[in-house]
Amino acid sequence: MTPKKTYITTPLYYVNASPHIGHAYTTLAADIYARWKRQKGETVHLLTGTDEHGSKIEQAAVAAGVSPQAYADKVSAEFRDLWAHLGVHFDDFIRTTEPRHKDRVQDAFRSLVASGDAYKGVYKGYYCVSCETYWTDTEAPEDEKAVRRCPNADCRKPLKLTEEESWFFKLSAYGPRLLDFYKAHPGFLQPSQRAKEIENFVAEGLRDLAISRSKVAWGVPVPDDAGHVVYVWFDALLNYATAAGWRPGDDAYKALWPADVHLVGKEIYRFHTVIWPAMLMALGVEPPKSVYAHGWWTVEGQKMSKSKDNFVDPREFTRKYGVDAFRYVLFREMPFGNDGDFSAEAFKKRYNADLANDLGNLVSRVTNMVDAYLDGALPGKPDPERSPVLKRALAASADIGESMDRLAFQDALNRIWAVVGELNLTVNDRKPWVMAKDPDKEPLKHLLFDLVGTLRVVAGWVTPFMPNKAAEMQMALGVRKFPGPLSVHEVLDGPAGHRIRKGAPLFPRMEEK
Ligand code: MSP
């Protein structure tokens, strides 16, 4: 049997508005992680897509004067185009309006009804249209103006008292099984500091979940019950399984399943760590291996919102700085898992300091010196014993790999830039331009070969973050195999006799206008 692929997913993004930097962040994280895994030789399957049902999208379509499907088609394509622009290498893009998904959502619904995990009742509660969520009177108490507002701190919109006939999922029955599952699978709740909150939430007791809506028209019809559509979250969560080909009684989806990591923003962590595994348990499907929640970006100190109209379009930065710089800055600037603030000023500083100066300039200097002093001749396999910088860099390799494995992207980049810093210091301390005056060229040659060898390794390390710039670096440094990511071993075993290929500066300095 072929080994199971490493299955990585992003959330399915709502199509009620155009993609912004927050969406790009999760998708790039998934792409960086997937590239890292591929570079290690794993077979990866990266899934992304769009979440297209529900009243939010219905309302946006009405406002735009088009059908929900036409609206979804347009915005879904914007997401797809942006991922292509950002160099995201996904293996599948699922839209919840596709038949391959909708049919299976209905299969899942039927299967829960048959097992008694779904039943019909009446739902009365306070409904938030924006979050598509019901709240109880204790969760959403009246404020000083006697208005009940959505308890979600990012929403706070007024709620509507609503009563409707509804299908329910027996979530309340799954509390104990979920708690056992978390205990038996300590890797499931990631990063681990988020585990306690979820365990406490489940331990307090779960309520059954309304999984159909009669007041919404735009959704997957509940099988055999006209007038109800499936609740958008029940529909959307299933995508991870439907895209893998899940259907009752067919095991083919196991080529991908269980998913290895669902990457999500922190605000949808509960849906993915409580409702989703309970749904899977009820369907007799193994829960995913892990769900990883990252933090949120604010912009210039503010939450991005419609009212402030301050959504950052990634293209504004890729136009100016290039795609690879954008991919780098997002992950160097804030630790994955925490919150952070995005600002144009901080972006420029980071770009100039780390990319234009530390790395770009270093590559230019080293290639220029090889050209000037060694007539462009590059080393083949370097001798680590005569290459002290390379030797120390290789000692950091395991650490960098371990950081990448636990999605600690900033830690990995900090480690890589420590090596870049050491390379710069070495150039400044050893002054190859002075050594070049010595008739004995051997020490100079060993020094430059050490620098080139280490830079080749650096190029390998930064490949998941900056695939294009890393390839340019490897070309300049005479690493033979191109294109494609190289393992450290391949980088070091490159044949001798290659020559430097000086190119344009990798990251031109961005000056004040
Ligand atoms: N459709 C649901 C998810 C269903 S998954 C089965 C949804 N969509 S969304 O369009 O609102 O996208 C939310 C995701 O976008 C977040 O989980 C996060 O990954 C990303 N981000 C949106 N804004 C963000 C920031 N300001 N900062 C970082 N990431 C953010 O929720």
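State the number of residues belonging to the range 457-475 that are open to solvent by less than 10 Å² (accessible area, probe 1.4 Å) and in a helix (DSSP H, G or I).
8
In the range 208-222, the condition of being of a type in the set (S, T, N, Q), over 25 Å from the mean Cα position of the chain (by Cα), open to solvent by less than 40 Å² (accessible area, probe 1.4 Å) and at pLDDT 95 or above is met by at least one residue. Here Tyr25 does not qualify as assigned to a helix (DSSP H, G or I), open to solvent by 10 Å² or more (accessible area, probe 1.4 Å), among the hydroxyl-bearing types (Ser, Thr, Tyr) and within 15 Å of the ligand (Cβ to nearest atom). Contact map, the range 434-447: residues that are closer than 16 Å to Asp383 by Cβ paired with residues that are open to solvent by 80 Å² or more (accessible area, probe 1.4 Å) and of a type outside the set (Val, Ile, Thr), Cβ distance under 8 Å, separation 6+ or inter-chain. Pairs shown: His446/Arg386; Leu447/Arg430.
Picking from residues in the range 223-240 that are part of a loop (DSSP other than H, G, I, E, B) and within 16 Å of the ligand (Cβ to nearest atom), the one that is nearest to the chain's Cα centre (by Cα) is Leu238. Of everything in the range 91-149 that is touching a residue at least 24 places away in the same chain (Cβ under 8 Å), out of contact with any Gly (no Cβ under 9 Å at 6 or more places or on another chain) and of a type in the set (S, T, N, Q), the residue that is least open to solvent (accessible area, probe 1.4 Å) is Thr97. Looking only at the range 111-123, decide whether some residue is in contact with an Asp or Glu (Cβ under 9 Å, 6 or more places away or on another chain), assigned to a helix (DSSP H, G or I) and under 20 Å from Thr9 (Cα atoms). Looking for residues that are in contact with an Asp or Glu (Cβ under 9 Å, 6 or more places away or on another chain), assigned to a helix (DSSP H, G or I) and under 20 Å from Thr9 (Cα atoms), one finds none in the range 111-123, hence no. Of the residues Leu362, Leu425, Leu407, the single one that is at pLDDT 95 or above, among the hydrophobic types (A, V, I, L, M, F, W, C) and on the phi > 0 side of the Ramachandran plot is Leu407. Taken together, Thr43, Thr50 contain a single residue that is within 20 Å of the chain's Cα centre (by Cα), of a type outside the set (Phe, Trp, Tyr) and open to solvent by 40 Å² or more (accessible area, probe 1.4 Å), which is Thr43.
Any residue in the range 449-456 that is surrounded by fewer than 16 Cβ atoms within 10 Å (Cβ to Cβ) and of a type outside the set (Asp, Glu)? No, every residue in the range 449-456 fails to be surrounded by fewer than 16 Cβ atoms within 10 Å (Cβ to Cβ) and of a type outside the set (Asp, Glu). For the range 388-427, the set of residues classified as more than 30 Å from Ser192 (Cα to Cα) and open to solvent by less than 70 Å² (accessible area, probe 1.4 Å) consists of Pro388, Val389, Leu390, Val420, Gly421, Glu422, Leu423, Asn424, Thr426, Val427, listed by residue number. Of all residues in the range 64-90, those satisfying the criterion of being open to solvent by less than 30 Å² (accessible area, probe 1.4 Å) and among the hydrophobic types (A, V, I, L, M, F, W, C) are Ala72, Val75, Phe79, Leu82, Trp83, Leu86, Val88.
The values are calculated or read from the model by the stated rules, or taken from the named source; none is laboratory data. Remember, it's a predicted structure, so these values are computed and weren't measured experimentally. Please note: Cβ atoms are built from the backbone with ideal geometry, for glycine as well, and neighbour counts cover all protein chains shown. Remember, those area values only see protein heavy atoms, side chains included, never the ligands or the DNA or RNA. Shrake-Rupley method; radii C 1.70, N 1.55, O 1.52, S 1.80 Å.
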